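What follows is a short report on a single structure.
The values are calculated or read from the model by the stated rules, or taken from the named source; none is laboratory data. None of these values were measured; they are calculated from a predicted model. So basically every Cβ, Gly included, is an ideal-geometry build from the backbone, and we count neighbours across all protein chains shown.
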Amino acid sequence: MRILRGFLATASIVLAAVTCHAQSAGPQPITADGDFLHRPSGMVFPVAVDDFQRTSLFRYDGQGYVVSAGYASTQLQAPIVATTYVYPSPALSTDGVPIALAGTMRRMSCNSEFLKRKNAVAAAHPDARPLGERDVASPAGAAFAPGKMAAYEFQDSFSGRQQPLHFELYVYCYLGGRSTFEYQFSSPQPIDASARIASFMKNLVWTVPPER
């Protein structure tokens, strides 16, 4: 586990630079021996997903609305680190708005959030080379969760040294009507991590209750 945490610690330079949800107090560790329930969203962050073990939990605000969970692959010869962020989706006033129009408003808002996250990647890594982006299917059990994915290559520190990295960003908005989930995956090249990342996303159990 010490080695896995070493992978995560070095890759956190990437993760911290890309997502800026921390408040002035800074991230505060969360102690949880087993699965952790994020009560504001209803999402459970398990101790393991596929061959990924949870390595960290942090909250970024006093109320615990903004939290992150770090994971690291147990395949030491093909390391991948992942970080999940959950935070409130942008507020929208949809009272009295037709369902179709409300859905359009949410998609536009999610597109804007996705653009902010991509701009953050570019700002943190001027050498980042976009590999493409696409829509992604809603997570299992999510009644409404528009998803976006973008992939990049850039140079950064991983496992104690500078090296070329493959990076994937996933953003899902308005899960349960109120929460945004952001997933970041980093792996050293030339490891092909796409299949294992896809497996992580597929096998992650989504416990966010449907919007009422």
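For region 71-81, the condition of being surrounded by fewer than 17 Cβ atoms within 10 Å (Cβ to Cβ), modelled with pLDDT under 95 and within 22 Å of G176 (Cα to Cα) holds for none of the residues.
I'd like the full set of residues that are in a strand (DSSP E or B), hydroxyl-bearing (S, T, Y) and within 23 Å of G42 (Cα to Cα), limited to region 158-212.
Matches in region 158-212: Y170, Y172, Y174, S179, T180, Y183.
Looking only at region 47-70, residues that are within 28 Å of I191 (Cβ to Cβ), part of a loop (DSSP other than H, G, I, E, B) and at pLDDT below 95 come to 2 in all. Hey, among the residues in region 18-41 that are at pLDDT below 90 and within 21 Å of Y172 (Cβ to Cβ), which one's surrounded by the fewest Cβ atoms within 10 Å (Cβ to Cβ)? Among those residues, the one meeting the criterion is C20.
Condition check: of a type outside the set (S, T, N, Q), at pLDDT 95 or above and surrounded by 15 or more Cβ atoms within 10 Å (Cβ to Cβ). Does R106 satisfy that? Here the answer is no, as R106 does not meet what is asked. Look at (1) at pLDDT 90 or above; (2) under 27 Å from R54 (Cβ atoms) and you find that G177 fails only one, number (1).
Cβ-Cβ contacts under 7 Å between residues 6 or more apart (or on different chains), taken from a first residue in region 157-168 that is crowded, with 16+ Cβ neighbours inside 10 Å to a second residue that is of a type in the set (S, T, Y) and at pLDDT 90 or above, are listed as F158/S186; L165/S186; L165/S187; H166/S187; F167/Y152; F167/S186.
Report whether or not F154 is under 20 Å from P46 (Cβ atoms), modelled with pLDDT of 95 or more and assigned to a strand (DSSP E or B). Quick ask: steps written out before the conclusion?
Working: under 20 Å from P46 (Cβ atoms): no; modelled with pLDDT of 95 or more: yes; assigned to a strand (DSSP E or B): yes.
No; evaluated as a whole, the condition is false for this residue.
Residues of region 178-212 that are among the β-branched types (V, I, T), buried (at least 18 other Cβ atoms within 10 Å of the Cβ) and over 22 Å from L131 (Cβ atoms): T180, V208. Among the numbered conditions (1) within 18 Å of the chain's Cα centre (by Cα); (2) more than 23 Å from S112 (Cα to Cα), the only one that Y172 does not meet is (2). Being modelled with pLDDT under 90 and assigned to a loop (DSSP other than H, G, I, E, B) is a property that does not hold for S12.
Among residues of region 82-98 being within 21 Å of L169 (Cα to Cα) and among the aliphatic types (A, V, I, L, M), the one that is surrounded by the fewest Cβ atoms within 10 Å (Cβ to Cβ) is V86. Taking residues in region 42-66 that are without any contact (Cβ under 8 Å) to a residue 24 or more places away in the chain and surrounded by fewer than 17 Cβ atoms within 10 Å (Cβ to Cβ), and partners anywhere that are basic (K, R) and not in a loop (DSSP other than H, G, I, E, B), the pairs with Cβ atoms closer than 8 Å and at least 6 places apart or on different chains are V47/R54; A48/R54.
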